[in-house]
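Notes to accompany the following structure.
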Amino acid sequence: DEVVDQFLKVNNIAANHKMTFMERAALRAECKRLTRFLRMMDIINTDFLKTMVKEAMIKLVAAVESATLVPRIETNDEITKVQLGKKREANSWKTPLFAVICSMKPPGHSARDHFSLTPDLDSLTRSLDGVVNDALEVVGSFIKVLTSAETEMYVMPDKDDEEADAVETEDIISAIKGNEVFNKSKELIHKHMRHAFSAVKEYLNVFNPYKEIYLQNSSDVNDISTLFQSGDVEAFQNAIASYKEQIDKFKDVPRFADVGVIFVDSVELKLSLIPSPLSCLQAIRKYLPELCLLRAQELVDQVGAMNPVIAGEPNTVEAYVNKKKVKDAAVAGLEEFNNRQSYVRSLVHVMDDNSWPAPDQVKALMRMLKESLQSLESNIQLAEGKEEEETKKFSSQVTEECPRVIKRFTEVREQLDANLISDPDAADEKVVKFLAQQEADFLKLKARTEKLQEYQAILKLPVDDFEIVEEIQSDLNLKIRLWNDRVEWAKLRQRILDSPISSIDVSMLEKELAKFNKTVNMASKGLPLNKVVPRLKASVDEFNPVLPIVSDLRNPSLQERHWAQITNLIGVDIQQAENFSLFDLIDKGVTAFQEDISVIATSAQQESILEEMMSKVTTIWEKLCFDVKPYKEVKDLYILGDTSEVIASLDDSLVTINTVLGSRYVAGIRNFVDTWRSKLMHFQETLDEWLTCQRNWMYLETIFGSPDIIRQLPGPAKTFQAVDKSWKMIMKQTNDDPNALKAGTHDKSRRDLFRSHNANLDQIQKDLEDYLETKRMAFPRFYFLSNDELLEILSQAKEPRAVQPHLRKCFDNLVK
């Protein structure tokens, strides 16, 4: 009743009497029926919307699916997009849903990625997804009838209806997105788009030939001069023909293409490709006049320089010779000049053939070139007509000048015989200046003789040898070298005399002395009467023995004992002398002991080598250790492991030491070497005894580990126990400090101790043999058993079954 009253109040329904129970029940029933009807309408609408979206997605899949991916290409530049649409209708072709623009990427991209598509696949896919999502938003915006404000007053849900409403409140957008058909359709749309774009990418390969041409042309147009560096006319003609063919070829670049559901618009790309060959043609058109001007100007300048010389009237031999040389060169090059003129004409013809007018400057230069070549031919004819007369005239001048030049050479030779050059007391600066002046005069005369010889050859006269030139040059060069080296030697001598021997650059001094010795030898042969030579030779010879002494005294191998020998030999302690210089070396007469010092230095060097060999030996034994191993897992019980490395190092070291002792230079380190030899020999003997002792101890230790054997052999057992105690102590010390050399030599008595132990162990083995012999004599069948097998039985005397494994050896045909 409260619900009904509320319903009546909300809907402003009033009656002239209070509603009866039956009226109220009837009202409630009608409202509920209306509510159920409205709910049913909502369900029908929702189902309709879902079905509509599903069918729309299926249609969209069909729309984006390409019946064929074979491109339909249109190259006609006159056709418009509208005309293309009509052409599709006429041929019943499917109209593409999407349009992309193909264009060339700017320079700098990889060779595989020169084209761009706008929009790209991702952009189109996102747009499609956006359309689908917008459609879903529209579908989801419908208001249910049940929840509408117009029907709200008639809705009277009961408890069951409220539960039904709760079930039906599911979001329609979420329901659609969760639908399998919707998701599969969306995947198919993406798949078809990817396939279509892959086909578009494959279609773009049709532009590759044009792209290659475009890139090559872009490179060529920037540097036409390099491309046609040879200037070959045929190359220009072929290039022009090729670029014209490209212009026609670029007309076939596709303008539009239908690739499945995608319309490819390549108008922009085509417009960017077409100017490429035109640009190259323009570059050639601009370059040809420049090349014509350059080549024509070069030829005009060259011919223009020849004409005045050939046409001139020479007054001197030099002028005539120059005229004749230029004329001969012009005659020889006339054919070349004509060819070069023809080449320039060919370039002009190339321009004319292509209707490219030649600039006025080129035409003027061509006329000037023609006139210059005509003048050259005329001048050559005139010059050849006068050649015989002029040759006769200037030949007499050359013939008259040769004796005068020889006379001047004689004067130079006389100057070179001046007493000043042979005077050892003459001032160096004065003589060097005098010789420099003579050299300058000589070089001028020599240059003149070379010119005269050239003139004689050109004028077809006998060519003089001028033998005096070589003679004077040899004498002059030797005297200049003598005096220059005398000056340099004086400076070098003073500098090195004051230098301490410790700071002298021996290699530099050696090179300098070799140079000055060579000068002295050459001068002694070439200038035997020159008094400067003996003085320079004496000064240089004074230093010849100094260099070996300096090298020997700076030998890093010299030890204190060697310096003591040198001091006793020369009477001077060089080490104690402060800044002992070359002057001191010469002044104190050290050079007289050169051979003795060399012997000491050589000995020091060789001793150093021997010391290095011994150093390697000592280094090995500082690090070489015994391989000490635990024995039978008993505490503080050890034995030596593998000693092969120690033995090999010992053998190598003894070989090295014997080699050192066999050297004649061992005297200085003999005591040290003898000490090491004695040490290693002692170690070798100790190691031999050590290994023998270990071998015997390991054999007997197992035997005397049995109480039965100890009871039966008390005397040998007591001796073995003494050896065993000493062995364990020695091996513990070796384990604490495993250095092989220390272990074998630090205690001089260890070798004798091992010898004593070996003697005791040998005696124990003898006593053991005697004991076993008594047992065999008591039971002769024990002779069939080895010592080890018999000892195994005796060590287990209280265990009768211990004999069983050995009975088959003692008795025939006996098996347990």
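The values are calculated or read from the model by the stated rules, or taken from the named source; none is laboratory data. Everything quoted here is computed from the prediction, not taken from an experiment. When we count neighbours, we look across all protein chains shown, and the Cβ atoms used for this are built from the backbone with ideal geometry, even at glycine. We work out accessible area using only protein heavy atoms, side chains counted, and drop any ligands, DNA or RNA first. Shrake-Rupley method; radii C 1.70, N 1.55, O 1.52, S 1.80 Å.
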Legend entry - Any chance ARG404 is closer than 21 Å to LYS525 by Cβ, in a helix (DSSP H, G or I), at pLDDT 85 or above and of a type in the set (Lys, Arg): no
Inset, instruction - Would you confirm whether any residue within region 108-126 is over 29 Å from LEU215 (Cα atoms), at pLDDT 85 or above, hydroxyl-bearing (Ser, Thr, Tyr) and open to solvent by 50 Å² or more (accessible area, probe 1.4 Å)? - result: no
Inset, instruction - Identify, from the list ASN179, ASN208, the residue that is surrounded by fewer than 17 Cβ atoms within 10 Å (Cβ to Cβ) and over 22 Å from VAL100 (Cβ atoms). - result: ASN179
Inset, instruction - Would you point out which residue out of LYS444, LYS433 is farther than 28 Å from PHE394 by Cβ, at pLDDT 90 or above and among the basic types (Lys, Arg)? - result: LYS433
Inset, instruction - Evaluate the following for ILE274: is it at pLDDT below 85 and either of a type in the set (Lys, Arg) or open to solvent by 40 Å² or more (accessible area, probe 1.4 Å) (or both)? - result: yes
Inset, instruction - Find all pairs meeting these conditions: Cβ atoms under 9 angstrom apart; at least six residues apart or on different chains; first residue within region 752-763 and over 17 Å from GLY715 (Cβ atoms); second residue modelled with pLDDT of 90 or more and among the acidic types (Asp, Glu). - result: PHE754/ASP688
Inset, instruction - Taking the options LYS392, LYS327, name whichever one is in a helix (DSSP H, G or I), under 25 Å from LEU461 (Cβ atoms) and in contact with an Asp or Glu (Cβ under 9 Å, 6 or more places away or on another chain). - result: LYS327
Legend entry - SER615 being over 17 Å from LYS742 (Cα atoms) and among the small types (Gly, Ala, Ser): yes
Legend entry - Test: residue in region 14-31 that is in a helix (DSSP H, G or I), without any contact (Cβ under 8 Å) to a residue 40 or more places away in the chain, surrounded by 14 or more Cβ atoms within 10 Å (Cβ to Cβ) and charged (D, E, K, R): yes
Legend entry - Top-ranked residue of region 652-671 - restricted to ones that are surrounded by 13 or more Cβ atoms within 10 Å (Cβ to Cβ) and modelled with pLDDT of 85 or more, ranked as farthest from SER756 (Cα to Cα): THR656
Inset, instruction - Kindly indicate which of ALA440, ALA427, ALA457 is over 20 Å from LEU527 (Cβ atoms), open to solvent by 50 Å² or more (accessible area, probe 1.4 Å) and hydrophobic (A, V, I, L, M, F, W, C). - result: ALA457
Inset, instruction - Could you please let me know if ASP232 is among the acidic types (Asp, Glu), open to solvent by 20 Å² or more (accessible area, probe 1.4 Å) and over 49 Å from the mean Cα position of the chain (by Cα)? - result: no
Inset, instruction - Under 7 Å between Cβ atoms, at least 6 apart or on separate chains: pull out the pairs that start in region 617-645 with a residue that is part of a loop (DSSP other than H, G, I, E, B) and end on any residue that is surrounded by fewer than 16 Cβ atoms within 10 Å (Cβ to Cβ) and of a type in the set (S, T, N, Q). - result: none
Inset, instruction - Being in contact with a helix residue (DSSP H, G or I) (Cβ under 6 Å, 6 or more places away or on another chain) and of a type in the set (Phe, Trp, Tyr) is the filter; apply it to region 739-783 and report the residue that is most open to solvent (accessible area, probe 1.4 Å). - result: TYR783
